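Shown next, in structure tokens, is the structure this report addresses.
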Amino acid sequence: MSEDAPRIAILSIEGTNCDQELERAFQLLGAAPEVVHLKQFEGRDVNPSQRRRLHDFSALMVPGGFSAGDYVRAGAVLGARVKSVLGKDLADFARAGHLVGGICNGFQVLVEMGLLPGRTGGALGSPQAVLNTNDSAHFECRPTFCRWEGGNFRPLAGQVAKGTVFYIPSAHGEGKLMLSGEKGNSLPELERNGQVLFRWVDPEGQVAGYPWNPNGTEGNVAGITNPEGNVFGLMPHPERSISLLQYPDYTRRGVPDGPGDGWKFLEAVVRYARRSGY
């Protein structure tokens, strides 16, 4: 591992279950990831050597799973706990330009904290949106495709051509993004601000309904960012398509292996963290 490998904290509590997948993906990409339990940031019930501080890391990722059993609603308990333990530090961390990302359940957590769609100055607060039950009323675990909308997401902006399609599989029961509709918090305004990260599309890159949009979100939104482009939430799982061997049609591709679209997405995250000096 190189000396300039960005340190990436992957938050963990009871119920998160994609943390090791994400850790392995970042390791393969040359980063220095560490799965960090929330208690380690809090300094509770851990040895001094296990204590961690957010500003020792380049980025914070909140992985998928069912944190705290998704009691109350998906992401609500972990969101409240993070605000209690890391509220000010996390707001400062985001304002400083560090990357904060949430995947699937992690997206739900960032919405519950009010970090997404995001307020002026990066302040935390009450939710401005919700990730509601899928229109199908089922847990949707399926191959899905997302189209880069050319927005303000810093790792991809200016690096990837608008309209590029990524294969990133999905697995969620509550992924339908619903905005409050208040001023500054509607889909047209997010679009104008460049806050739409990805849209659900079919394999040809065209906006399509179910099953290509697995949850029924308005505008086929699959991921969003804050206005500054350094906090993001994404419903599909890039750590599950880092290799062509993870693709459902890998036996028909005629090649033994290679980087998948999830690799390309997470590589951009690592490259930005390294390039920016954070």
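Figures for the structure shown
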| read-out | value |
| --- | --- |
| Globularity ratio of the range 1-71, using Cα Rg and 2.2 N^0.38 Å | 1.12 |
| Fraction of antiparallel bridges per DSSP, the range 52-198 only, in percent to nearest 5 | 75 percent |
| 20 Å Cα-Cα reach of LYS88 towards lysines, excluding residues that sit fewer than 8 places from it in its own chain | LYS39 |
| Too-long pairs where the Cα-Cα distance tops 29 Å, listed order kept, from LYS83/LYS264; LYS83/LYS176; LYS83/LYS162 | LYS83/LYS264; LYS83/LYS162 |
| Karplus-derived 3J(HN,Hα), 6.51/-1.76/1.60, for each residue of the range 57-71, Hz, glycine and proline x | 10, 7, 8, 10, 10, 10, x, x, x, 9, 4, 6, x, 6, 5 |
| Alpha-carbon Rg/Rh ratio, for the range 21-112, with Rh computed the Kirkwood way | 0.95 |
| Rounded to 5, percent antiparallel among DSSP beta bridges of the range 7-276 | 60 percent |
| Taking the chain and dividing mean pair separation by its residue count, relative contact order in percent (alpha carbons under 8 Å, at least six apart) | 19 percent |
| Projected area averaged over orientations for the chain, convex hull of C-alpha atoms, nm² | 14.2 nm² |
| Most mobile of ARG147, ARG24, ARG199 in a GNM of the chain (Cα contacts under 10 Å) | ARG24 |
| Distant-in-sequence amide H partners of LEU99 (H built 1.01 Å from N, under 5 Å) | LEU60 |
| Viscosity 0.890 mPa s, temperature 25 °C, Stokes-Einstein D of the range 128-278 from Kirkwood C-alpha radius, µm²/s | 155 µm²/s |
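Every number in this text was worked out from the coordinates using simple rules, so none of it is lab data. As the structure is a computational prediction, the values presented were derived from the model and not from experiment.
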